[in-house]
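Chemist: Okay, handing you the structure first.
The values are calculated or read from the model by the stated rules, or taken from the named source; none is laboratory data. In this text the structure is predicted, and so the values were computed from the model without any measurement. Note: ideal-geometry Cβ built from the backbone for every residue, glycine included; neighbour counts use all protein chains shown. Keep in mind that these areas ignore ligands, DNA and RNA; they rest on the heavy atoms of the full protein, side chains included. Shrake-Rupley method; radii C 1.70, N 1.55, O 1.52, S 1.80 Å.
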Amino acid sequence: MTLIVRTLPELQRAIDPNKRIGFVPTMGALHPGHLSLIRLAKKHAEQIVISIFVNQAQFAPHEDFSAYPRQEIQDINLLTQEGVDIIYLPDSHTMYPAGFTTRIDVGPIGQILEGTIRPHFFNGVALVVSKLLLQILPDIAVFGEKDYQQLIIIQQLVRDLNIPTTIIPGPTLRENDGLAMSSRNQYLTPALRSIAPTLFSTLQDIKKSLEEGQMIADSLKKGIRHLLEAGFNQVDYIQLCHPQTLQQVTTHTPNARILAAARLGTTRLIDNLPVWIQ
Ligand code: AMP
């Protein structure tokens with residue numbers, strides 16, 4: 001049976017202290033990518049908690065907080081079909097009651113890549129994820145590789161704050177044409193949607209040329225040019241990064257990661273791929 005809870009006392013009554021708890025935090029507008037994380041959580045835990053909370057602390061005033069897709073009834077139906085045990089739907093007063101003042105600073109790793117465009121984003125994510133992990137105290141929590149920088153920052157956060165949860169990465173689920181699934185894809189017009197898979201195919205081309213021994217700077221430049229020619233109006237970044245520190249790598253590094261963000265109309269798309277350079 002799926003339990004729907006909205007308050008902290010209800011949540012804590014629903015959690016079974018004798019079971020291994022698995023947790024997947026989301027902002028709702030669920031798609032098969034989210035469901036794949038739930039299936040992964042089920043492999044590691046006995047009682048599964050999913051939260052849906054659109055966290056205002058990670059949106060800047062000019063970003064899409066009020067426009068972010070909200071479809072609670074559809075999400076609850078999907079999660080019930082999926083056999084989730086607890087759906088946690090806190091409201092903003094439960095998460096940030098009057099008088100709430102504490103902030104979290106994730107440090108310099110939150111100021112690079114996505115952080116150069118969205119400087120408050122990862123501190124806002126870290127605040128809500130810390131609260132959710134402390135409210136639920138799950139044994140494991142699953143985060144998608146789709147948001148690779150977020151995954152690395154959350155792993156750092158639980159290490160730094162001794163939060164007793166193991167973070168498990170979930171692979172990125174893609175549409176048939178390669179576009180990484182995202183709640184924000186629904187903002188794309190049909191014309192822009194047909195251009196969107198070029199982000200993934202460009203990352204694949206860069207990966208291939210790097211693995212064949214091409215120069216890093218040349219391969220990345222070629223990728224940027226390709227995206228702009230395809231119809232992206234801006235490339236915020238395409239970088240080859242160390243897989244843990246996310247520092248830019250300019251020489252051959254095993255298991256490096258290409259991270260990219262580019263804009264199609266008013267929608268920002270992000271994606272990433274591992275690269276093995278000998
Ligand atoms: P969101 O609701 O977009 O905040 O995402 C909630 C979780 O789902 C995060 O851990 C994301 O990384 C993950 N996620 C988002 N898109 C995908 C995808 N296409 N495949 C796998 N996980 C995803």
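Chemist: Show the residue pairs that are 6+ apart or on different chains and have beta-carbon atoms under 8 Å apart, the first residue being within segment 144-158 and closer than 15 Å to V24 by Cβ, the second being among the polar types (S, T, N, Q) and within 12 Å of the ligand (Cβ to nearest atom).
Modeler: Here the result reads G144/T172; E145/T172; E145/N272; K146/T172; K146/S182; K146/N272, each pair linking segment 144-158 to a residue that is among the polar types (S, T, N, Q) and within 12 Å of the ligand (Cβ to nearest atom).
Chemist: Restricting attention to segment 249-267, which residues are open to solvent by 50 Å² or more (accessible area, probe 1.4 Å) and modelled with pLDDT under 95?
Modeler: T250, T251, H252, P254, N255, T266
Chemist: Another question about this same structure. What helices (runs of 4 or more DSSP H) completely inside segment 13-120 contain at least 2 residues that are within 14 Å of the ligand (Cβ to nearest atom) and open to solvent by less than 60 Å² (accessible area, probe 1.4 Å)?
Modeler: It comes to 32-44, 72-81.
Chemist: Here's a follow-up. Please give the number of the condition W276 fails out of (1) open to solvent by 50 Å² or more (accessible area, probe 1.4 Å); (2) under 20 Å from L192 (Cα atoms); (3) among the aromatic types (F, W, Y).
Modeler: (2)
Listed here are the residues, each with its yes/no results for (1) hydroxyl-bearing (S, T, Y); (2) more than 16 Å from the ligand (Cβ to nearest atom); (3) open to solvent by 80 Å² or more (accessible area, probe 1.4 Å); (4) not in a helix (DSSP H, G or I).
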site	(1), (2), (3), (4)
D177	no, no, no, yes
A191	no, yes, no, no
D205	no, yes, yes, no
L220	no, yes, no, no
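Chemist: How many of the residues making up segment 229-242 are open to solvent by less than 50 Å² (accessible area, probe 1.4 Å) and either free of Cβ contacts under 8 Å to residues at least 40 places away in the same chain or among the β-branched types (V, I, T) (or both)?
Modeler: The number of residues fulfilling the criteria is 6.
Chemist: So if I check each of T198, T202, which one is touching a helix residue (DSSP H, G or I) at 6+ places or on another chain (Cβ under 8 Å) and touching a residue at least 40 places away in the same chain (Cβ under 8 Å)?
Modeler: It is T202.
Chemist: Being part of a loop (DSSP other than H, G, I, E, B) and among the hydrophobic types (A, V, I, L, M, F, W, C) is true for just one of L246, L227. Which residue is that?
Modeler: Within the list L246, L227, the selection yields L246.
Chemist: Can you tell me which residues in segment 179-189 are open to solvent by 70 Å² or more (accessible area, probe 1.4 Å) and in contact with a strand residue (DSSP E or B) (Cβ under 8 Å, 6 or more places away or on another chain)?
Modeler: Y187
Chemist: For residues that are part of a helix (DSSP H, G or I) and open to solvent by 50 Å² or more (accessible area, probe 1.4 Å), scanning just segment 148-167, find the one that is nearest to the ligand (Cβ to nearest atom).
Modeler: Out of the qualifying residues, it is Q156.
Chemist: Can I ask one more? With respect to L210, is the statement that it is touching a helix residue (DSSP H, G or I) at 6+ places or on another chain (Cβ under 8 Å) and within 30 Å of H44 (Cβ to Cβ) true?
Modeler: Against the criterion (touching a helix residue (DSSP H, G or I) at 6+ places or on another chain (Cβ under 8 Å) and within 30 Å of H44 (Cβ to Cβ)), L210 does not qualify.
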